[in-house]
Amino acid sequence: MNLAIGNYFVRHAQSCLSALGQLCRQPAGSLLTIGVIGVALALPAGLSVLVRNGEAVAGQWESARDFSVYLQPGIAMDTAEALQQELESSADVASVVLITADEALAQLADSSEYGEVVGVFDDNPLPHRLVVRPRDDAVPAGLATLADGLEQRDEIDLVRLDTAWVARLNAILDLVRRTILLVASILTAGVLVIIGNTIRLDIQNRRAEIEVSKLLGASDAFVRRPFLYAGFWYGLGGSLAALLLLIVGLLLLSGPATRLSELYGGSFQPLGLAGSTALGVLGGGLVAGLGGAWLAVARHLAAIEPKI
Amino acid sequence: MIRFENVTKRYAGGQDGLREVNIGVEQGELVFLTGHSGAGKSTLLKLIGALERPTRGQVLVGGRNIGRLPPRQIPAHRRQIGMVFQDHKLLPDRPIFDNVALPLIIAGLGQREVQRRVRAALDQVGLLKRERQQPGTLSTGEQQRVGIARAVVSRPRLLIADEPTGNLDPELSLEIMQLFGRLNEVGVTTLIATHDLALLDRLGGRRITLSKGQVVRADN
């Protein structure tokens, strides 16, 4: 019994390796097929890496939800501090920082670009400013209401609320994510068809062998096995080709991306290939490989019946 | 071993392959199936190998009704029969050894056993030294002997051959038939279809003659 089980595994191993051998005997055709599968799998995976980077950038800019409340020029410090306390007690607000007109002028004087301009003024033309940081769970609509209410008040000159574009960016990323899912599904189906068709041709080329095997009493499982293993190898080869393309591609992009980030003064580090994405590429390739082979085998093997 | 009971085979086109055939072959017998081409010899062998199903009647091999065999059980049935074909059906891109080993690999035997049995079968047909050669480098007669080695390598109890000497000259044909005779002597039930009556006259043996799908003569 143990011997029979041992033989079973030995036969599978033989079948698996001989399928690989078959692929290696036609290197040009096999590499072409594997290359096409690689490109088809790399495309959605590459896009998903880009989106992940986009999300990371958007996350860094979450602080852009802060909004500035400029008071009317000449408002007293007491009023500004009272307003600061009032805002801090508001439900949507996490913290409020008061930047007084003097502090603002000092900052301006320190800056290289405008430092000389400051000396021109006799009086400080700058107003007090409150920088309001909303709570993380504050919804955009609530913030908009708060900002509108503030703008109505006499002591407040201007409220600058800049959250709209962050919301838009997130919406765009959502759309891109959905598109990637769609593209990935279509391309995986494409890979399924490519492998199915390759296996179909394989079956046609080995028709004589299949007929003779069936004549000699080969079961369907026996006849099916080498083709399923061929599908497995195509899927595995295609996935590895896709990962290679992704790694090389990301390596080429990481330099310019870091430079761009530095120009914006950001500390943003471009994200590479996530483990889950790599596993997805591998899994997608193997599923499409085995699935495509199975479809071809189910359709075409049954049609081959031995004739004498 | 083999029993046909009122077997009729009608092909999809409407022509009859066999009509109301009743025959029996006992265990260990050597029987020649004769008749002109188109008489139904091949149809009869196909029914035994479950390559076709009878339209009516029963085909019994070793007590089992082959006509009613579920498709899943057909491979196991074929593994119990050795089949030899007129065009030998060797795989041209595999060495002789691999061709003969195929039935054993299908049956799932271990590597050692495969080597032992393939060598024994090739020795039996006198081609042991040619095991690494491709079939294309052998003569037609030698290729047919490889076909016979492949048919007997899994030690079947039943051997069927469809015109095994169809492409051979009389000298080689006799040689092949004598080979079948030797295999039969060790107990393999053998059924050989041939239209070479001159050859049969030299060999003797029991004959079943078919004409237009019907048995016209069956020796006892």
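The values are calculated or read from the model by the stated rules, or taken from the named source; none is laboratory data. These numbers come from a predicted model, not from an experiment. Please note: Cβ atoms are built from the backbone with ideal geometry, for glycine as well, and neighbour counts cover all protein chains shown. Side chains included, ligands, DNA and RNA excluded: accessible areas come from the protein's heavy atoms. Shrake-Rupley method; radii C 1.70, N 1.55, O 1.52, S 1.80 Å.
A single entry from B:Arg10, B:Arg72 fulfils the requirement of being out of contact with any Cys (no Cβ under 6 Å at 6 or more places or on another chain), over 18 Å from A:Leu215 (Cβ atoms) and in the same structural domain as B:Leu183 (by TED's automatic domain parsing): B:Arg10. In the set (1) modelled with pLDDT under 90; (2) open to solvent by 30 Å² or more (accessible area, probe 1.4 Å), the condition left unmet by B:Gly17 is number (2). Comparison of A:Ala28, A:Ala56, A:Ala19 shows that the only residue that is in contact (Cβ under 8 Å) with a residue 40 or more places away in the chain, more than 30 Å from B:Gly108 (Cβ to Cβ) and aliphatic (A, V, I, L, M) is A:Ala56.
Would it be correct to say that B:Asp87 is in contact with a Gly (Cβ under 9 Å, 6 or more places away or on another chain) and either free of Cβ contacts under 8 Å to residues at least 40 places away in the same chain or within 22 Å of B:Leu197 (Cα to Cα) (or both)? Here the answer is yes, as B:Asp87 does meet what is asked.
Matching residues to (1) more than 8 Å from chain A (Cβ to nearest Cβ); (2) open to solvent by 30 Å² or more (accessible area, probe 1.4 Å); (3) closer than 27 Å to B:Lys41 by Cα; (4) acidic (Asp, Glu):
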{"residue": "B:Pro70", "(1), (2), (3), (4)": "yes, yes, yes, no"}
{"residue": "B:Phe85", "(1), (2), (3), (4)": "no, no, yes, no"}
{"residue": "B:Gly126", "(1), (2), (3), (4)": "yes, yes, no, no"}
{"residue": "B:Gln134", "(1), (2), (3), (4)": "yes, yes, no, no"}
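Looking at (1) open to solvent by 40 Å² or more (accessible area, probe 1.4 Å); (2) touching a residue at least 24 places away in the same chain (Cβ under 8 Å), which one does B:Gly141 not meet, given that it meets all the others? So the condition that B:Gly141 fails would be (1). Taking the numbered list (1) buried (at least 20 other Cβ atoms within 10 Å of the Cβ); (2) modelled with pLDDT under 90 in turn, B:Asn167 passes all entries but (1). Consider the range B:92-113 and keep the residues that are part of a helix (DSSP H, G or I) and more than 10 Å from chain A (Cβ to nearest Cβ). The one that is surrounded by the fewest Cβ atoms within 10 Å (Cβ to Cβ) is B:Arg112. Within the range B:39-66, restricting attention to residues that are away from every other protein chain (no Cβ under 14 Å) and without any contact (Cβ under 8 Å) to a residue 24 or more places away in the chain, the residue that is farthest from A:Ser219 (Cα to Cα) is B:Gly63. Of everything in the range A:21-44 that is touching a helix residue (DSSP H, G or I) at 6+ places or on another chain (Cβ under 8 Å) and open to solvent by 60 Å² or more (accessible area, probe 1.4 Å), the residue that is farthest from A:Ala293 (Cα to Cα) is A:Leu43.
Going through A:Leu182, A:Leu240, A:Leu253, A:Leu187 one at a time, which residue ends up being in the same structural domain as A:His12 (by TED's automatic domain parsing), touching a Pro at 6+ places or on another chain (Cβ under 8 Å) and either open to solvent by 70 Å² or more (accessible area, probe 1.4 Å) or outside any helix (DSSP H, G or I) (or both)?
A:Leu253
Of all residues in the range A:281-305, those that are in the same structural domain as A:Asn205 (by TED's automatic domain parsing) have Cβ atoms under 7 Å from Cβ atoms of residues that are of a type in the set (S, T, N, Q) and at pLDDT 90 or above, 6 or more apart or on another chain, in A:Val281/A:Ser239; A:Leu282/A:Ser239; A:Gly285/A:Ser239; A:Leu286/A:Ser239.
Set side by side, the residues B:Ser139, B:Ser154 differ, and just one is within 14 Å of another protein chain (Cβ to nearest Cβ) and of a type in the set (Ser, Thr, Tyr), which is B:Ser154.
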